[in-house]
Every structure is written in C-alpha cells, then in structure tokens.
Amino acid sequence: MYCHKTHTKKDILKILKTLEVEVNNILSKREIIELLPKIILEDAKYKENEFKINNKSDFLSYMKNKSPIVRLNTEDKKIVMIKCKNIIQYCMNKYELENSAYTHRNEIMNDAVYIHKYGDIPSVRRAIKLYNMDPQKIIKYNNYKINEEQKELLINELKTKLESKKKMDIGEDKTKVLEMKIDVLKMKLLKHKKVIMELLE
C-alpha cells in the first residue's frame, strides 16, 4: 500500500486510534504501513472523525496524498520555539526589557513577525496572544497564519471532541456552550483571526 512520505508514524497511529485500531507503537513506520491493507478491510471502525475518513476509499485517498499538517524541520522549529520562549518570558516579566532576552522593543517585534506565520503551533499562539497584550508593543497581530487544511483539521477535531462529550452525558447546558464555542472558533479560523487555545486543551 502506498503512503505519502509526509505522513509520520505518529500521524498514522493517531488516525488508527481514531478508527479504534490498536497497533503496537514499537513497530516501525514501514511495518505499520504493511499492516494497513488488512486494517482498512477488517479492523477499522469508520465513524465521524477529524480526518473525514469514513470508509476504505477515504482512508486510501488520505494516505496517498500529502499530509495537510505543515511541519518545520528540526532546526527551524528549534529557532521558532526559542523565539516563543523569549517572547513569553518577556511578557511574563510584566513586559519589562530587564531580565529578558531583549535590549530593544523592535527585537521583540521582529521575533513576533518571524513566528506568527506558524500559528498551528500552540506555543506560537500563546506567545502572540501575550505579545498583543503588551501596552508598549509596536504592532499588533490579529492574524495567525494557518493553512486551510490545518484549519479544517482543528475544526473537525473540536467537533469530534464535542460528540464524545455528548456521549458522556455532560449535560445540555454545557453542550450548548461548547457548540457556541466551536461556531465562534470556526468563524475566527476562516478569517485567520485568533485561535482559541483553551478549546484544544
């Protein structure tokens, strides 16, 4: 079975877990892929999920196409995470330059400019959210850049979580609140506005 190289072992295991298939994570990615033909025919339980894999055909199509998850290479992600850490530390220090990694406020702005396009990373969203609260900021970022496929995955993941909560009988009032939050998030994601991190925790 062909699997696009952009799908990581972790991605595949997450999809299989969604389809209620248990696979030993000790297996290599290649070994797991070799099991997929049997899994999609015999073991998978297709139901509504964030990947929109509802049948064998959807499964095959998803796996042969490029992963919608955009990833940085190891070195680039390390740079992004360091910048996030520096911005968050500055913000938690009551927006004071002293005891921060910065000597000028334009350095903070430059780091915010650098990281804001990676809005699918939770640390980036947190850093930009805190930076936007800085009373001395040079510019404000209302937008996080998240690719369209990643937006859809986030929205679908929230829908799946909501359905699970409903099945746990959490109560009508709380369910309605969650539905409203999902509607708000959907609108904001479509407009490239703030991502509500709390819903994903």
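The values are calculated or read from the model by the stated rules, or taken from the named source; none is laboratory data. All values derive from a computational prediction rather than experimental measurement. When we count neighbours, we look across all protein chains shown, and the Cβ atoms used for this are built from the backbone with ideal geometry, even at glycine.
Summary of values
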item: Residues of region 1-28 satisfying the condition of being without any contact (Cβ under 8 Å) to a residue 24 or more places away in the chain, of a type in the set (D, E, K, R) and part of a helix (DSSP H, G or I); result: LYS9, LYS10, LYS14, LYS17
item: Filter pass, LYS17 being basic (Lys, Arg) and either touching a helix residue (DSSP H, G or I) at 6+ places or on another chain (Cβ under 6 Å) or surrounded by 13 or more Cβ atoms within 10 Å (Cβ to Cβ) (or both); result: no
item: Search result, residues across region 108-122 that are in a helix (DSSP H, G or I) and buried (at least 17 other Cβ atoms within 10 Å of the Cβ); result: ILE108, MET109, ASP111, ALA112, ILE115
item: Of residues in region 67-97 being outside any helix (DSSP H, G or I) and at pLDDT 90 or above, the one surrounded by the most Cβ atoms within 10 Å (Cβ to Cβ); result: TYR95
item: Inter-residue pairs, beta-carbon under 7 Å, first over 11 Å from ILE87 (Cβ atoms) and in region 131-145, second in a loop (DSSP other than H, G, I, E, B) and modelled with pLDDT of 90 or more, 6+ apart; result: PRO135/TYR95; GLN136/TYR95
item: Candidates ALA101, ALA127 - the one that is at pLDDT 90 or above and part of a helix (DSSP H, G or I); result: ALA127
item: Yes/no for GLU34 being outside any loop (DSSP other than H, G, I, E, B) and charged (D, E, K, R); result: yes
item: Every residue from region 50-72 that is over 15 Å from HIS7 (Cβ atoms) and out of contact with any helix residue (DSSP H, G or I) (no Cβ under 7 Å at 6 or more places or on another chain); result: ASN54, ASN55, SER57
item: Filter result (of a type outside the set (D, E, K, R), more than 19 Å from the chain's Cα centre (by Cα) and closer than 18 Å to PRO68 by Cβ) within region 1-31; result: TYR2, CYS3, HIS4, LEU19
